[in-house]
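Engineer: Structure provided below as structure tokens; questions to follow.
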Amino acid sequence: MKKVIMINGSPRPNGGTSTAFAALRQGMEEAGVQVKEYQLNQLTFKGCQGCMGCKGSEGCVIKDELTPILEELKDADGLVLGSPIYMFAVSGQTSLFINRLYSLIDGGYQPYAGKARKLMTVYSMGSPSAGYATTEQNRVCQAMDMLGFKEADRIQMTGIFPGQIACQLTEKEFTKLQERGKKFVKKESL
Ligand SMILES: Cc1cc2nc3c(=O)[nH]c(=O)nc-3n(C[C@H](O)[C@H](O)[C@H](O)COP(=O)(O)O)c2cc1C
């Protein structure tokens, strides 16, 4: 694997998603992979307009701050998609992003990129157990599979408080996530 895109759908720079991303990224970069990370909350972009323009020709008709990222995703080998759980689902920012990924497949539901990519999902939640977040993670992975992103790993950060409280990981937990990052980029087969 050469290039990984990390998409963070949390607005919180010190939350569970961002903290997990820091550890995973460190592991992936130590393994020699190029990592590009984007915070959806810092971008101005629209949701899918349902025009189906992407089914007639490649690419999303909407031109906004998501456009270069969708372009970059075409030649990425892996995607790490992270989100908080808000109201039993991914954040609004993450949902808009996933809908825009519909432009990566043609009218026959085949990825324009012509190759499958690896997917890791990272979910952060207040609940002490993953429970229904797993159902939501399954749903997203199913949609992502249709788009050509095959699930290779999933992370669940549980019991993370919202608000100003920063997510604190022990050294052992941080190292574990670093190792997951390394494994994600090293394992060649899906
Ligand atoms: C609007 C809102 C809705 C939330 N809904 C849920 C929920 O349904 N289940 C849950 O376990 N936690 C819920 N939480 C808590 C967040 O999932 C939790 O704080 C999570 O760590 C946020 O991710 P982050 O730390 O990466 O920002 C909610 C928080 C907010 C602000």
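Laboratory data are not the source of any read-out in this text; all were calculated from the coordinates shown. Keep in mind the model is a prediction, meaning the values are calculated, not measured. All Cβ positions, glycine included, derive from the backbone under ideal geometry; neighbour counts span all protein chains shown.
Engineer: Just order 61-68, 123-130 by mean Cβ neighbour count inside 10 Å, highest at the front, would you?
Structural biologist: For the peptides 61-68, 123-130, the packing ranking is 123-130, 61-68.
Engineer: Would you mind checking which residues have amide H under 5 Å from I105's amide H? H placed 1.01 Å from N; only 5 or more apart, or other chain.
Structural biologist: Y112
Engineer: So who's got an amide H within less than 5 Å of the one on A116, skipping anything under 5 residues away but keeping other chains? H placed 1.01 Å off N, in plane.
Structural biologist: Answer set, sorted by chain and number: none.
Engineer: Which order, highest average first, do 107-117, 132-142 follow once you tally other Cβ atoms within 10 Å for each residue and take the mean per peptide?
Structural biologist: 132-142, 107-117
Engineer: Would you mind giving the three semi-axes, in whole Å and largest first, of the ellipsoid equivalent to the chain according to its Cα gyration tensor?
Structural biologist: Equivalent ellipsoid of the chain: 26, 19, 15 Å, largest first.
Engineer: Using the Cα gyration tensor of region 114-190, with a ≥ b ≥ c the square roots of its eigenvalues, what is the shape: rounded (a/c below 1.5), prolate (a/b larger than b/c) or oblate (neither)?
Structural biologist: oblate
Engineer: Return the loop-located chymotrypsin sites (Phe, Trp or Tyr not before Pro) in region 23-108 (DSSP other than H, G, I, E, B) with at most 14 other Cβ atoms within 10 Å of their own Cβ; answer none if there are none.
Structural biologist: Taking region 23-108 and a limit of 14 other Cβ atoms within 10 Å, the loop chymotrypsin sites (Phe, Trp or Tyr not before Pro) found are F88.
Engineer: Please check which bits of region 57-96 a label hung off D106 would reach, taking the label as a point 7 Å along Cα-to-C-beta and the cut-off as backbone N under 14 Å.
Structural biologist: Counting only backbone N, you get 57-59.
Engineer: Once phi is turned into θ = phi - 60°, what whole-Hz ³J(HN,Hα) does the Karplus curve with 6.51, -1.76 and 1.60 give for every residue of region 12-25, x standing for Gly and Pro?
Structural biologist: Values per residue, Gly and Pro as x: 9, x, 10, x, x, 5, 5, 5, 5, 4, 4, 5, 4, 4 Hz.
Engineer: Show the residues, 5+ positions off or on another chain, whose built amide H is closer than 5 Å to the amide H of E37.
Structural biologist: Amide H neighbours of E37, under 5 Å, 5+ apart: M6.
Engineer: Hey, what do the phi angles of region 83-95 turn into as Karplus ³J(HN,Hα) couplings, whole Hz, using 6.51/-1.76/1.60 and θ = phi - 60°, x for Gly and Pro?
Structural biologist: Rounded to whole hertz, the list is 7, x, 8, 10, 6, 6, 9, 5, 5, x, 4, 5, 5.
Engineer: Can you tell me the dipole magnitude for region 109-190 around its Cα centre, using point charges on the Cβ only (Lys, Arg +1; Asp, Glu -1), in Debye to the nearest 20?
Structural biologist: 340
Engineer: Hey, another quick one. Subtracting the Cα-Cα distance from 0.36 nm times the residue separation, let me have the gained length for E171 to N14 in nm, one decimal.
Structural biologist: Fully extending the segment from E171 to N14 adds 54.9 nm.
Engineer: Give me a comma-separated list of calculated 3J(HN,Hα) values for region 139-156, in order, Karplus coefficients 6.51, -1.76, 1.60 applied at θ = phi - 60°, integers in Hz, x for any Gly or Pro.
Structural biologist: Working through the residues one at a time gives 4, 5, 5, 5, 5, 5, 4, 4, 7, x, 10, 9, 5, 10, 7, 9, 10, 10 Hz.
Engineer: Using all C-alpha to C-alpha distances in region 68-180, build P(r) with 5 Å bins and read off the rounded percent in each one.
Structural biologist: P(r) for region 68-180, in whole percents per bin: 2, 10, 20, 22, 18, 14, 9, 4, 1, 0.
Engineer: Okay, moving on. Roughly speaking, what is the stretch gain from E58 to N99, that is 0.36 nm per residue apart minus the C-alpha to C-alpha distance, in nm to one decimal?
Structural biologist: Here the answer is 13.2 nm.
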